[in-house]
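The next block holds one structure in the form of structure tokens; read it before the comments.
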Amino acid sequence: MASTVGIIFSSMNEENVPEITKVRSMGSVPMGGRYRLVDFALSNMVNSGITTVGMITKNNYQSLMDHLGSGKYWDLARKEGGLILLPPYSGESETLYRNRLEALKGATAFLKKCKEDFVVITDSDAVYKLDYSKVIDAHIEKNADITMVYHEHEVVKSHYYINFETAADGKITDVAINSTARGVRKNYINVMVARTSFMLHLIQDAIQHGYTSFGRDILSKGVSTYNLYAYKLEGYYASVTSLEKYFSINLDLLNKDVRKEIFGDRDVYTKVNDSAPAKFTDTAKVKNSLVSDGCFIEGTVENCILFRGVKIGRGAVVKNCIIMTDNIIGENCNLAYVVSDKDSVIRDNRTLAGCEKQPYFINKGSLI
């Protein structure tokens, strides 16, 4: 693989799920029982041979720092390169960045120090598997200025989204932002590849012209100026565009075909937590669920994702729920379509229910 540096945005698109991101960055949102969303983007990079990764932070990133540490769980604790946390502002400004372009301006010093020829830039709000080396190969073959990765699926409205049209050879002919078009489209998944020198040129040009939006001022206007090419991501892809979508992505991981695709032939790395194994009493009934280490189950669990340290009381029935770390569900409770954030306690004999389209959300540290 050509020498490549990675940049990951840890805090983009947080407006889509304010319920979960008000206490953490998007990258540190829990997913699949033991992972964080950032693990998928970071593991894709490591599995593609990228050993220098800049992580652009913003606010609420304490849990992200606790999770990432030195980067050793991703083999990124290195004397040269490795995992580097980038501040949420540049040396020229003491205010937090407001958009993607301002964040990249703040990362200019990092990119100038990098010796790698190419840069892969991605968000950390989605679950997918991608070999970035193949994207770079296609980028070189097409002699592209920027290669944008897309996935074909129904347009999902969110705070900010991009889809585009391409010619037969993959050259992008039109970039639409927050389009009103519906149906299956080529949806940009916020993964791009460019030469490091070209990205620095774009950022410098944006500073000189006072541009404020990477999507509108560079990508959309640059269709006729730059060689923009598309690369199609095949297979499973899902981004957290709402609480409903967060709920459905977690439950997708109960599908063995999805699990095999995401976790099968390439590892997804995460922080190791040496918890005791899960315990099940003789009254426990568990069906089609992911149960993490440290859980203690006395009741009935069906179609659920249980993170570490969850306790389900005797006589409780929990179905179609996402229960995050260290929740305590009391005896004889009845929960359905619930997303419960960390460290919450639901007392005995409580009944809580949402629905598939609007799950019931419990804030972190709640007592019900």
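The values are calculated or read from the model by the stated rules, or taken from the named source; none is laboratory data. In this text the structure is predicted, and so the values were computed from the model without any measurement. Heads up, the Cβs are rebuilt from the backbone with ideal geometry, glycines too, and the neighbour counts pull from every protein chain shown. Ligands, DNA and RNA are excluded from the accessible area calculation, which covers all protein heavy atoms including side chains. Shrake-Rupley method; radii C 1.70, N 1.55, O 1.52, S 1.80 Å.
Residues in segment 217-255 that are farther than 23 Å from Cys355 by Cα, open to solvent by 40 Å² or more (accessible area, probe 1.4 Å) and of a type in the set (D, E, K, R): Lys221, Lys232, Glu234. Does segment 101-111 contain any residue that is polar (S, T, N, Q), open to solvent by 50 Å² or more (accessible area, probe 1.4 Å) and at negative phi? So far as segment 101-111 goes, no, none of its residues is polar (S, T, N, Q), open to solvent by 50 Å² or more (accessible area, probe 1.4 Å) and at negative phi. Being open to solvent by 70 Å² or more (accessible area, probe 1.4 Å) and in contact with a His (Cβ under 7 Å, 6 or more places away or on another chain) is a description that applies to Lys271. Within segment 117-139, can you find the residues that are open to solvent by less than 40 Å² (accessible area, probe 1.4 Å) and part of a helix (DSSP H, G or I)? Within segment 117-139, Tyr132, Ser133, Val135, Ile136, Ala138, His139 meet the criteria.
Residues in segment 189-216 that are assigned to a helix (DSSP H, G or I), in contact (Cβ under 8 Å) with a residue 60 or more places away in the chain and open to solvent by less than 30 Å² (accessible area, probe 1.4 Å): Thr196, Met199, Ile203, Ala206, Phe214, Gly215. Applying the condition of being over 22 Å from Arg100 (Cα atoms) and basic (Lys, Arg) to segment 140-188 and asking which residue is most open to solvent (accessible area, probe 1.4 Å) yields Arg182. Does segment 16-35 contain at least one residue that is open to solvent by less than 40 Å² (accessible area, probe 1.4 Å), small (Gly, Ala, Ser), touching a Leu at 6+ places or on another chain (Cβ under 6 Å) and closer than 21 Å to Asp265 by Cα? For segment 16-35, residues open to solvent by less than 40 Å² (accessible area, probe 1.4 Å), small (Gly, Ala, Ser), touching a Leu at 6+ places or on another chain (Cβ under 6 Å) and closer than 21 Å to Asp265 by Cα: present. Note on segment 329-363: among residues that are assigned to a loop (DSSP other than H, G, I, E, B) and among the polar types (S, T, N, Q), the one that is nearest to Val29 (Cα to Cα) is Asn363.
Looking only at strands (runs of 3 or more DSSP E) that lie completely in segment 235-328, which have at least 3 residues being under 20 Å from the mean Cα position of the chain (by Cα) and within 24 Å of Met12 (Cβ to Cβ)?
Correct list: 237-239.
Listed by position, the helices (runs of 4 or more DSSP H) contained in segment 27-114 that have at least 3 residues being touching a Phe, Trp or Tyr at 6+ places or on another chain (Cβ under 9 Å) and at pLDDT 90 or above are 37-47.
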